[in-house]
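Report on the following structure.
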Amino acid sequence: MRPSRLLWSGFAAVLLCAPAFAQTTTTGSPIPPPNAMKLSEIIAKVEQRDQFAYVSEIDWSEEGYYDITYFTTDKAKVEIKADPVTGKPK
């Protein structure tokens, strides 16, 4: 295959995949609101909790909050929904 043909094939593949990465707002907000706290500030609050060990997972819910999963020093799994504006659990 000629290099130019290979280049155009790759370019076409990227264009066809691009819509799959687009964010939509059909069920809610795909991103935190403009007045939201920085995620690092919210995580800093979580890290101050009693017996905090480590954050396992952070996800943004299209319902408008962060899903944060962390573990404590006694290996308990804790799941919280944090408000993006206040950083407080919902």
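Read-outs throughout are calculated quantities, based only on the coordinates presented, and are distinct from any laboratory measurement. In this text, all values refer to a predicted model and were calculated from it rather than measured experimentally. Reconstructed Cβ throughout: ideal geometry from the backbone, glycine too, with neighbour counts over all protein chains shown.
Odds and ends about this structure:
- Screening the stretch 39-86 for strands (runs of 3 or more DSSP E) wholly inside it with 3 or more residues that are of a type in the set (A, V, I, L, M, F, W, C) returns the ranges 52-61, 77-82.
- Scanning the stretch 56-90 for residues that are surrounded by fewer than 16 Cβ atoms within 10 Å (Cβ to Cβ) and under 13 Å from the mean Cα position of the chain (by Cα) gives SER56, GLU57, ILE58, ASP59, SER61, GLU62, GLU63, ASP67, THR69, LYS81.
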